[in-house]
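Rule-based calculations on the coordinates, nothing more; no lab input. Note that the coordinates shown come from a computational prediction; the quantities given were computed from them, not determined experimentally. Glycine gets a Cβ as well: all are built from the backbone with ideal geometry, and neighbour counts include every protein chain shown.
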Amino acid sequence: MANNYEAVIGLECHAQLLTNSKLFCSCSTRFGEAPNVNTCPVCLGLPGALPVLNRVAVSMAIKAGLGVNCRINPAAQWSRKNYFYPDLPKGYQITQYDRPLAQKGHIDISVDGVLKTVRINRIHMEEDAGKSLHDGFPDSSRSTHLDFNRSGVPLIEIVTEPDLRSSAEAYDYLSRLKEILEYLEVCDGNMEEGSLRCDANVSVRRVGEEKLGTRTELKNINSFKFVQKAIDFEIARQIDVIEGGGRIVQETRLWNSDEERTVSMRSKEEAHDYRYFPDPDLPLLVVDDAWIETVHRSMPALPEERRRRLVKEYALSEYDSGVLTATRALSDFFEETVKRSGQPKMAANWIMGDLLRFFKENNVDTKDLAQSPVTPEMLAGMIQLVEKGAISGKIAKTVMEEMYATGKPAQKIIEEKGLVQISDSGEIEKIVDKVLEDNAKPVEQYRAGKTGTFGFFVGQVMKATGGRANPQTVNDLLRKKLAG
């Protein structure tokens, strides 16, 4: 970015709520079904069909609002947002306009160690539109198909104030928002399936100016990485236009990920273009204190709170606590392992090292830990065997791999493969004597001052015992005997 300009960025995120049925009817929200099977007269907008509100969706929206520190309004108004689009069968979208469900929240972010609070203007509920599927383009045989399965699916739109100043800040905000929504289990955060979608409002102004520049809205961005790239491109484009003597036009632009640039889609609509008015088929959405309190009691500890607790209670580093709280499932896995083993640092090391490596190699998302063949109970059992000296850390790595491959507990694997650690000093001493006898020249070199060969002797003993000798006993005996 040119040094004499600054960016002003606001984000609008649509999150699909994890309900089984749609916002105003009982049709399924399941993704990936054959086109138009999850539809009914209500979500198809047929004459005479009336909407019936999904209470579970409202509870999830309240939970999301509380999770990002919003005030839940006592009454919200359903409105009709009127516009024509082929996949909007009613010709309007049921949403909330001037009286949203939640307002005045915030999320704290950190970029390069600098803390910043991003204000959230509002969260409102609305129904999703259908989906247009285009084929044949650019051939003359181009056709468009309409799938209304998504029509009526419950969404919340989370709108920030224009508080962000860089694509890096936008990325961190989105990451933290996604993390919170997933912890609360109100949205699965799957951008590829459209469960979480982001639009960015971007403008630039000269440093020191108070007045906001003309903004463009960036749409059609399906990953956080592309959000960053789209924002960076748009900032550079706007600066080039201004420096070239042109002016920025308020418009909607799409992100072309193949060409890595934004392209103009249409001039930006204003609120009055949609002719909002209260929906006559739906009364005010009244949310009393008892409902809010019930939702609040059902909420888990959120990521930031959990990170602080892991540092305080288990003496973990900020980095470790950040990794272990990346998803709610991973955080639960860690704490259950600690509860059973009493060894927080060892549990952290095994989870962050071997277990996460196994997940990555097998394309397992840490949100789906129910699929893991290694349970917290199994990992805790193995850690306890290491602590008792039944197996060494080296053997434990082999055991860990077997647990993941077979789903068998550590004790059973040790018994089947004969991996019990040799701790009898007399037995180990015989092996040490044999190793020293077979390696007279290295022994002579060691006693002459070449002590760097000590690791060689340890390796020979461990090799002779198949890695099962107690490492501490091996070290102690070797030092004693090599000292003459």
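Which lysines have a Cα lying under 23 Å from the Cα of residue 178, excluding residues fewer than 8 positions away in the same chain?
22, 63, 104, 116, 219, 225, 229, 360, 367
Taking only the Cα atoms of segment 301-417, how large is their convex hull per residue, in Å³?
95 Å³
Quick one: divide the alpha-carbon radius of gyration of segment 204-323 by 2.2 N^0.38 Å and tell me what you get.
Against the empirical 2.2 N^0.38 Å value, I get 1.66 for segment 204-323.
What share of Cα pairs, in percent, lie more than 19 angstrom apart in segment 425-482?
Beyond 19 Å sits 18 percent of the P(r) for segment 425-482.
Using the Karplus curve 6.51 cos²θ - 1.76 cosθ + 1.60 with θ = phi - 60°, what ³J(HN,Hα) values do you get for each residue of segment 362-371, in whole Hz, with x for Gly and Pro?
9, 6, 9, 6, 5, 6, 10, 5, 5, 7
Please give the contour-minus-distance gain from residue 441 to residue 301: 0.36 nm per residue of separation, less the Cα-Cα distance, rounded to one decimal in nm.
44.2 nm
Counting alpha carbon pairs within less than 8 Å and at least 6 residues apart, what relative contact order, in whole percent, applies to the chain?
13 percent
Return the percentage of antiparallel bridges among DSSP beta bridges fully within the chain, rounded to the nearest 5 %.
Just about 90 percent of them are antiparallel.
Which value, in debye to the nearest 20, describes the size of the charge dipole of the chain about its Cα centre when Lys and Arg Cβ atoms bear +1, Asp and Glu Cβ atoms bear -1, and nothing else is charged?
Using only the charged Cβ atoms, the result is roughly 1000 debye.
Quick one: Karplus J couplings for segment 239-245, per residue in order, coefficients 6.51, -1.76, 1.60, θ = phi - 60°, nearest Hz, x for Gly and Pro?
Per residue, the Karplus-derived 3J(HN,Hα) values read 4, 4, 4, 5, 5, x, x Hz.
Run down the lysines and flag those whose C-alpha is under 17 Å from the C-alpha of residue 463, throwing out any fewer than 8 positions away in its chain.
Those lysines meeting the cut-off are 394, 397, 417, 430, 434.
Tell me, what is the percent relative contact order of segment 5-291, built from C-alpha pairs under 8 Å that lie six or more residues apart?
24 percent
Mind listing which chymotrypsin sites (Phe, Trp or Tyr not before Pro) in segment 49-112 are in a DSSP loop and have 14 or fewer other Cβ atoms within 10 Å?
83, 84
Starting from the Kirkwood Rh over alpha-carbon pairs, what translational D in µm² s⁻¹ does segment 51-97 have by Stokes-Einstein at 10 °C and 1.306 mPa s?
Stokes-Einstein gives a translational diffusion coefficient of 126 µm²/s.
Would you pull out the residues with amide H under 5 Å of residue 5's amide H, same chain only if 5 or more places away, H placed 1.01 Å from N?
Distant-sequence amide H within range of residue 5: 207.
How high is the relative contact order of segment 425-482? Use alpha-carbon pairs under 8 Å, at least six apart in sequence, and give a whole percent.
Normalised by residue count, the contact order of segment 425-482 is 44 percent.
Note the per residue figure in Å³ for the convex hull of the C-alpha positions in the chain.
235 Å³
Please list the non-local residues whose amide H lies under 5 Å from the amide H of residue 161, H modeled 1.01 Å from N, same-chain partners needing a gap of 5 or more.
Amide H neighbours of residue 161, under 5 Å, 5+ apart: 119, 120, 121.
Would segment 5-291 count as rounded, prolate or oblate if I go by the C-alpha gyration tensor, calling it rounded below 1.5 in a/c and otherwise prolate when a/b exceeds b/c, oblate otherwise?
The shape class here is oblate.
Can you work out ³J(HN,Hα) from phi for every residue in segment 115-120, in order, using Karplus 6.51 cos²θ - 1.76 cosθ + 1.60 and θ = phi - 60°, giving whole Hz and x for Gly and Pro?
Here the 3J(HN,Hα) series is 7, 8, 9, 9, 6, 9 Hz.
Mind jotting down the distance between the C-alpha centroids of segment 394-414 and segment 79-126, whole Å?
49 Å
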